[in-house]
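The values are calculated or read from the model by the stated rules, or taken from the named source; none is laboratory data. Bear in mind the structure is a predicted one, so any value in this text is a computation, not a measurement. Neighbour counts run over all protein chains shown; Cβ positions are idealised from the backbone, glycine included.
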Amino acid sequence: MPDIIGFILWPIKWVVEAIMVGFHWLLTSAGLDGGAGITWVLSIVGLTFVVRAALIPIFVRQIKSQRKMLEIAPQLKKIQDKYKGKKDQYSREAMSRETMALYGRHGTNPFASCLPLLIQMPVFFALYTVLINAATHPENGGVGLLSPQLAGSFAESQFLGAPLRASMQSADGNSMVIVLAIIMVVIMTGAQFITQLQIMSKNQTPEMKASPMYRQQRVLLYVLPLVFAFSAWAFPLSSMFYWVASNVWTVVQQWIVIRNMPTPGSEAALAREARLAKRRHRRGLPEIVEDDGPGAGAVEDKKPTQRQQPMGAKRAKKKGK
């Protein structure tokens, strides 16, 4: 039976190796030791930033989808209540049709918010496979630019005395592996918690906070960090550096988005309006009056001026006397 997963991951592994080896070449050209653990850690972090930068358009789409899902949550609940307790096939099909029609009218679906994570998973598994193969069989090299020499360099590399190929499960008495793994788990879970907390506390309107979707997100606020904590047991340190860098990127990216593109009506939106008003006042600019009627957005202190009529030479001479 052919290795379907390996066949699917092959091109992703090739790209992962190319980016990681490229960063490794740049760092060694800058004077770092090619066999040092810090060089390989920075190469993995560089790979992470390239992947996350490529996902920015999808992240923006995810933010918009999450907002729309929260906005339509009350309407979604009405559809669910309408067919509550009805288990016949006709009712299930009708509820499905109405739900999909609701998604279609608002241009969203519940899976769009998962796209960045779903796209990252093949990249992570490709990286995990590349690093595991390099650590266990360095003589084979990788599928692309990761030569046997580079694979051997990675297999022997250490970061603060901890082999990058080791995990908490295979620490073999190396306490530094356990210490680094715990520190990274704390950073990963903390970053994930802060990311969700930013969304929950600052970037949702009172109506959104009253929806069932908000309660589901509150559950994820505490569940997702635990998932990272338990899954980190078997991952090597090298793979964990990817998730640490990715989660830190997410925190910064989320802060920028909430600060500059907040959900209308949310606490973050009110804070942004206050900052803009303060900035206009500091620059001495007139305050813009928000109005729904005619002339909305006009400047408050703008005064009408009367048009001066042209004056002939004789008339001007008489007026000057």
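Of all residues being part of a helix (DSSP H, G or I), surrounded by fewer than 19 Cβ atoms within 10 Å (Cβ to Cβ) and aliphatic (A, V, I, L, M) in the stretch 119-151, which is modelled with the lowest pLDDT? Just the residue, please.
Ile119
Assess whether Glu71 counts as being crowded, with 17+ Cβ neighbours inside 10 Å, charged (D, E, K, R) and more than 15 Å from Leu127 (Cβ to Cβ). It would help to see each step written out before you state the result.
On the way: crowded, with 17+ Cβ neighbours inside 10 Å: yes; charged (D, E, K, R): yes; more than 15 Å from Leu127 (Cβ to Cβ): yes.
When the stated conditions are applied, Glu71 passes them.
Taking the condition at pLDDT 80 or above, crowded, with 19+ Cβ neighbours inside 10 Å, part of a helix (DSSP H, G or I) and β-branched (Val, Ile, Thr), does Val252 pass? Lay out the reasoning, then the answer.
On the way: at pLDDT 80 or above: yes; crowded, with 19+ Cβ neighbours inside 10 Å: no; part of a helix (DSSP H, G or I): yes; β-branched (Val, Ile, Thr): yes.
Answer is no for this residue.
Just a yes or no: is a residue in the stretch 31-51 within 26 Å of the chain's Cα centre (by Cα), assigned to a helix (DSSP H, G or I), farther than 30 Å from Pro264 by Cβ and small (Gly, Ala, Ser)?
From the stretch 31-51, those within 26 Å of the chain's Cα centre (by Cα) are 38-51; that's our starting set.
Now narrow it down to the ones that are assigned to a helix (DSSP H, G or I): 38-51.
Still in the running and farther than 30 Å from Pro264 by Cβ: 38-51.
Now restrict to residues that are small (Gly, Ala, Ser): 43, 46.
Yes, some residue in the stretch 31-51 is within 26 Å of the chain's Cα centre (by Cα), assigned to a helix (DSSP H, G or I), farther than 30 Å from Pro264 by Cβ and small (Gly, Ala, Ser).
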